[in-house]
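Have a look at the structure below, then the notes.
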Amino acid sequence: MRTIFHSLILFSFVLIFAACEKEIKFNSKLIAPKLVINSFVSADSLFEATIALSKAVPGVEKPFEWIDNATVILYTNGEKSEELKAFEIKYDENADNYYTDDNSNTRPKTKYRSVNTKAEAGKTYKIEVVHPEHGTAYGETTLPQPVEIISLKSEKVLMNYEWGGKDNQLVVTMKFKDTPNEENYYRLTFTRMYGSSQTYKYDETEKDTSQFTIYISARKNGTNLNTSDPIFSNDEDANDFLFGSPGNYYNLFTDELIDGKEYELSFVAFNKYVDEYSLDTLYNFLEAPGEFCKIDVKLSSLTREAFLYIKSSHAQDWYGEDFFSEPVQAYSNIENGIGIFAGYSSSVKSLTEGIYPIDTVRYELNEYDYYY
Amino acid sequence: MKHIYLSVALILLTIGAFSQRYTISGYITDKESGERLINANVYDSKTLRGTTANSYGFYSISLPAGETTIVASFIGYTAQQFTFDLKTDISLNIELEMQTGQLDEVTVIGNQANKVEETQMSMIEIPVQKLQRIPVIFGEADVLKVIQLLPGVQSGTEGTSGIYVRGGGPDQNLFLLDGVPVYNASHLLGFFSVFNPDAIKTVKLYKGGFPSRFGGRLSSVVDISMKDGNMKEFKGDFSIGLISSKLMFEGPIIKDKTSFMISGRRTYLDIMSKPFLTYINAINPGESKIGGGAFFHDYNLKVNHIFNDRSRLYLSGYLGKDKGFFNNTLKSEYLDYDNNPKKLSQKTEMGLGWGNAIASLRWNYLLSKKLFSNTTLTFSRYIFDIETQFVTEDLIEKTKTKDFFRYYSGIQDWAAKIDFDYFPTPNHDIKFGISGISHLFTPGATRLQFQSIDLDEAFGLDTLLGNNEIDAYEFGLFFEDEITISNSLKVNAGIHLSAFLVEGVEYIRPQPRLSMRYKANETWALKASYSRMAQHVHLLTTSGISMPTDLWLPVTKKFAPPISDQVAVGTAINFEKGINLTVEGFYKTMTNLIEYKEGASFMGSATNWENKVEKGDGWSYGAEVMLEKTVGQTTGWIGYTWSKTERLFENLNFGNPFPAKYDRRHDISVAFTHEFSKKIDIGGTWVYGTGNAVTLSIMEYPQATIPDIEESYGYYSSLKEYDGRNNYRTPAYHRMDLGANFHKELKNGTRTWSISVYNVYNRENPFVIMWDTEGGNYELNPVTGEYVQVNERRTILKQVSIMQLIPSISYSFKF
């Protein structure tokens, strides 16, 4: 009797709350592929762009179609300046960072490049892509002037964490002056070379001990800046304590708080965890013989389009199609198509902690960089 | 302010300065129960001019001296006539008797009989006794589910009781229970409303043409009055349904002086789910055991006492609580790397709860034959609370770690108001009053706790994050006059003035209101109205479901009060045999609306909520048709709505207009009841709505490589193209529900078996639509020893449906 009762209740429960899934027809006008123009322009560099076709979400999964038969024309301040040429992109399939599965659908096969025209700050550029089947798409952008880095200084800081850990940090402070009375968009990146004789080798027998050697690890740091500077805080910080937020992944900031002012911002350029077995590093951080850290700080003035694209595309990537979050639309400034044509102008300044190079020291690239 | 007082005084004096007239006043009540009859009519039989009883059954009519005959009438009751030689003021309490045996022929859905007479447009009154005949889900009659069937009202997600009125959002509806705002009108994620029909006397929905006495929301007012309690004898009913049971009991404490009404209900989904979970645990004989459930319970209480003909006191309250819980226990035994035995117990517990508590103390006092006062003190509180706890215990080492997470939000109001009904002449019905509310908002706080209890030491962390509590004060002042200019022309003009003080900012918003009715003949009237409404609270909501996580927030320095301006025109026609037609068109604009930013979701705590939202405007327009049959064995209506609702936000959709989430072009609803005999009646509904707006990606394209980053996994990525916010329409929604009631008179009362079927033809309506992939499978080739792909990988659009054919049965007994 009890079993029958339970079965009846179970049946009712399932009947009421069972959800049913089924495929439904995608009921929308035919989704014609659009021309996708992707191009970030850096002042003093040649122009590069990839051209592809977008594909409808529903249907059989297939790789993107990369365009190599379009006419790509570059205009400078309204005048035609050059027709970009298509080049096939060669990848080193043996390289460590060649990920076959992940990138096979999205890795560009062709790139268009300018041969003569280099981008210049202050000029307005237009890229026009004419395709025999998919029409004409275009985008336009004006490169901003670079903002000079006035000074760069560093300081070694011992960080004591609440949970008991310790960290030696190299804190870099950069000073710059915002251009007044205009909306400015920035991105801070840096590259770091760290050299140490104590660098780990998988196979110690490979180490050449005949001469004092410093092993160098080099890294681009374009994301996740280690900083608590309020200028980098953004709206996304408000979101989603439980599931995280996209944060300021690409180190973007605006002049909303500092319009026309000089500003000093600080960030951690390098750090070494101080564990109980290496207490000596607490006192010898970047002071061991031959040890050095060279930081090249790059302050990029972005176009508004570049700022919006970088920010929105990362937010879309982060949130995906999360049921509880409002979907994020990625910014595009391509007319009759989609993608981005935007740019930036940068200024770079360097500092070195320790001495580099030293004539008597041999330097070797460290393939097993584990410093982040 | 001084000018306003002077103006009001001047108007009252002018109106009062008439020739020798005497006043007949009193209360109109149901003879059987003593319940006061709201909106009963009293009119002079010669001129046919008259008045209607107010929300407390009080009427007052001033007529010239001499031979006078007045008639008191109310739908479903036998009219009474009184003749006087009027030479002094008269107090006359009228008891109307229900028309026995004919109730079902005259009870109407929608108080249509007055539609041609009254200036009020865009208002529908729902007699609660009819609710039981409309087929319902789970056998549970629901006020809001019936409101969803009316033109101009759209329902939210499948099965839920949320309402969207004339393009307004879910926070733009003011739910008043005995005059007290209810902030979350939903139980069980919106599948039930908090209003227990057994405890309700009247329900009125205002969609436009708002009288000046209402304020605080942009799009609708649902004004619900609880039963006062039977003054004559003890009555009650109880019912047992598939997932809930309820009881209502009322009666006199002192006959004709003091009465009470008490009701309660509880769902037992938690009990129902036990065998289901037992089954799940049985077919998964691992060491993981799950438990969980959800239920709600709510209670209504009302007590009132009549001191004398001038004075009456009411105390009413509501308490409702929803609770959901889930737990999972996992026990494991294994050898660690050093071959030491380990024995762990991991327990996850999650609980969430939310609920409203409201109370009101009301004092009716008759200052004079013409001036009725109503003084009210109210309290309203809504709290949402979610807790999660993870406990890991090493049963050998005797160590324990505990992670605890709690998130809570809420709103609490204390309010006081006094309002007056003044009946200077039959041509004027004046209402005015003032109110003050003290709000306390808790917009969302998170508590994190970590505890590690070791053999030797204990380590802990306890942090509270989130938004600060916000105090705000709201004041209101209103004045309205229903003016009978001629037999054909009647106007209701007024103003509602609100002031809101928050964070040192003061928002004062005058809101003019105007309604007029032109009666071309006794069966046809033309109507027009204009109303401006201001709202001082926001509801942050992320999905179409009525989530208890939705946050109530005040307007702030940064976000000024939303304002709506609505113009409506319409006509009401009474045909023969109780058939009525109303047609209305409306245009509404809304400013200072808020919506979540792209990517934002509810559980933020790190910084202020204001960073999560964008400010913008909206507009809505449409036409509504309602054809009703209100008399006879068969009653019901056909409703049709055509509407369009859009939003414009500078920082959403790249500054382009987009359809609101609840924009739906066509809505049709059909509802009927038919009484075969006193023993059997049936009811049915059919609804059809074109697709809801959702944001769906339609294209994919390669993402530009961001400069100055290391090439790594995911370096080459793709983006989704949405083609605009709310760019896609879900499939149309339609559904038919049928039900039957079987009554039998027993010795001590009437028992009723109710059988109903929700979604009779098992329509799979969209609850959620989403992209999914299928195919792309690999199989081992036995010859080559390699895995080969055997079918293509496809992306398909999938629809999730819930609430398919659901039969239900309930038993009730009325005594």
Got at least one residue in region A:35-57 being within 30 Å of B:ASP772 (Cα to Cα), at pLDDT 85 or above and over 25 Å from the mean Cα position of the chain (by Cα)?
yes
With the structure loaded, tell me whether B:SER259 is modelled with pLDDT of 80 or more, surrounded by fewer than 16 Cβ atoms within 10 Å (Cβ to Cβ) and small (Gly, Ala, Ser) or whether it fails that test.
no
In region B:44-57, which residues are in contact (Cβ under 8 Å) with a residue 40 or more places away in the chain and more than 27 Å from the chain's Cα centre (by Cα)?
B:ASP44, B:THR47, B:LEU48, B:ARG49, B:GLY50, B:THR51
Under the condition of being in a helix (DSSP H, G or I) and charged (D, E, K, R), which residue from region A:212-264 is modelled with the highest pLDDT?
A:ASP235
Taking the residues in region B:672-727 that are among the hydroxyl-bearing types (Ser, Thr, Tyr) and within 30 Å of B:SER756 (Cβ to Cβ) as candidates, determine which candidate is surrounded by the fewest Cβ atoms within 10 Å (Cβ to Cβ).
B:SER677
Would you say B:PHE742 is of a type in the set (A, V, I, L, M, F, W, C) and either in contact with a Gly (Cβ under 9 Å, 6 or more places away or on another chain) or surrounded by 18 or more Cβ atoms within 10 Å (Cβ to Cβ) (or both)?
no
Would region A:165-173 turn up any residue that is outside the structural domain of A:ILE67 (by TED's automatic domain parsing) and more than 19 Å from A:PHE267 (Cβ to Cβ)?
yes
Scan region A:315-355 residue by residue and report those that are touching a residue at least 12 places away in the same chain (Cβ under 8 Å), at the interface with chain B (Cβ under 7 Å from one of its Cβ atoms) and either in contact with an Asp or Glu (Cβ under 6 Å, 6 or more places away or on another chain) or assigned to a strand (DSSP E or B) (or both).
A:VAL328, A:ILE338, A:GLY339, A:ILE340
Conditions (1) outside any loop (DSSP other than H, G, I, E, B); (2) more than 9 Å from chain B (Cβ to nearest Cβ) -> A:SER312 fails only (2)
Would you be able to say whether some residue in region B:256-270 is more than 12 Å from every other protein chain (Cβ to nearest Cβ), over 23 Å from B:PHE813 (Cβ atoms) and polar (S, T, N, Q)?
yes
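Residues in region B:372-382 that are in contact (Cβ under 8 Å) with a residue 60 or more places away in the chain and surrounded by fewer than 19 Cβ atoms within 10 Å (Cβ to Cβ): how many?
1
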What number of residues within region A:319-353 are of a type outside the set (Gly, Ala, Ser) and within 25 Å of A:ILE31 (Cβ to Cβ)?
16
Matching residues in region B:70-102 - criterion: being under 39 Å from the mean Cα position of the chain (by Cα), of a type in the set (S, T, N, Q) and not in a strand (DSSP E or B):
B:ASN93, B:GLN99, B:THR100, B:GLN102
From the list B:GLU792, B:GLU774, B:GLU764, B:GLU779, which one is charged (D, E, K, R) and away from every other protein chain (no Cβ under 13 Å)?
B:GLU779
Count - residues of region B:714-751 that are of a type in the set (Val, Ile, Thr) and outside any loop (DSSP other than H, G, I, E, B):
1
On the given criteria, is B:SER239 surrounded by 22 or more Cβ atoms within 10 Å (Cβ to Cβ), of a type in the set (S, T, N, Q), touching a residue at least 40 places away in the same chain (Cβ under 8 Å) and within 14 Å of chain A (Cβ to nearest Cβ)?
no
Do you know which of the residues in region B:271-323 that are of a type in the set (Ser, Thr, Tyr) and under 28 Å from B:ILE358 (Cα atoms) is nearest to the other protein chains (Cβ to nearest Cβ)?
B:TYR299
Counting just the residues of region B:632-671 that are charged (D, E, K, R) and over 18 Å from B:GLY585 (Cα atoms), which one comes out surrounded by the most Cβ atoms within 10 Å (Cβ to Cβ)?
B:ARG647
Elements of type strands (runs of 3 or more DSSP E) contained in region A:19-72, each with 3 or more residues being facing another protein chain (nearest Cβ under 7 Å):
A:20-24, A:35-42
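Restricting region B:748-763 to residues that are farther than 12 Å from B:ILE806 by Cα and either among the polar types (S, T, N, Q) or under 26 Å from the mean Cα position of the chain (by Cα) (or both), which is surrounded by the fewest Cβ atoms within 10 Å (Cβ to Cβ)?
Filtering region B:748-763 down to residues farther than 12 Å from B:ILE806 by Cα leaves B:748-754.
Filter once more, keeping what is either among the polar types (S, T, N, Q) or under 26 Å from the mean Cα position of the chain (by Cα) (or both): B:748, B:750, B:752, B:754.
Details: B:ASN748: 9, B:THR750: 14, B:THR752: 19, B:SER754: 24.
Once the filter is applied, the top-ranked residue is B:ASN748.
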Given the condition under 29 Å from B:LYS145 (Cβ atoms), at the interface with chain A (Cβ under 9 Å from one of its Cβ atoms) and either among the basic types (Lys, Arg) or touching a helix residue (DSSP H, G or I) at 6+ places or on another chain (Cβ under 6 Å) (or both), answer yes or no: does some residue in region B:729-748 qualify?
yes
Could you go through region B:397-412 and let me know if any residue there is among the polar types (S, T, N, Q), part of a strand (DSSP E or B), more than 30 Å from B:ARG49 (Cα to Cα) and at pLDDT 90 or above.
yes
Among residues belonging to region B:764-791 that are of a type in the set (Asp, Glu) and farther than 30 Å from B:ASN726 by Cβ, point out the one that is nearest to the chain's Cα centre (by Cα).
B:GLU779
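Across region A:143-165, which residue is surrounded by the fewest Cβ atoms within 10 Å (Cβ to Cβ) among those that are among the hydrophobic types (A, V, I, L, M, F, W, C) and at pLDDT 90 or above? Walk me through how you get there before you give the answer.
The initial filter retains those residues of region A:143-165 that are among the hydrophobic types (A, V, I, L, M, F, W, C), namely A:143, A:147, A:149-150, A:152, A:157-159, A:163.
Retained after the next criterion (residues that are at pLDDT 90 or above): A:143, A:147, A:149-150, A:152.
On the way: A:LEU143: 24, A:VAL147: 19, A:ILE149: 19, A:ILE150: 14, A:LEU152: 18.
Across region A:143-165, the extreme among qualifying residues is A:ILE150.
The values are calculated or read from the model by the stated rules, or taken from the named source; none is laboratory data. Since we're looking at a predicted model, the values are computed, not measured. Methodologically, a virtual Cβ is constructed for each residue, glycine included, from the backbone with ideal geometry; neighbour enumeration extends over all protein chains shown.
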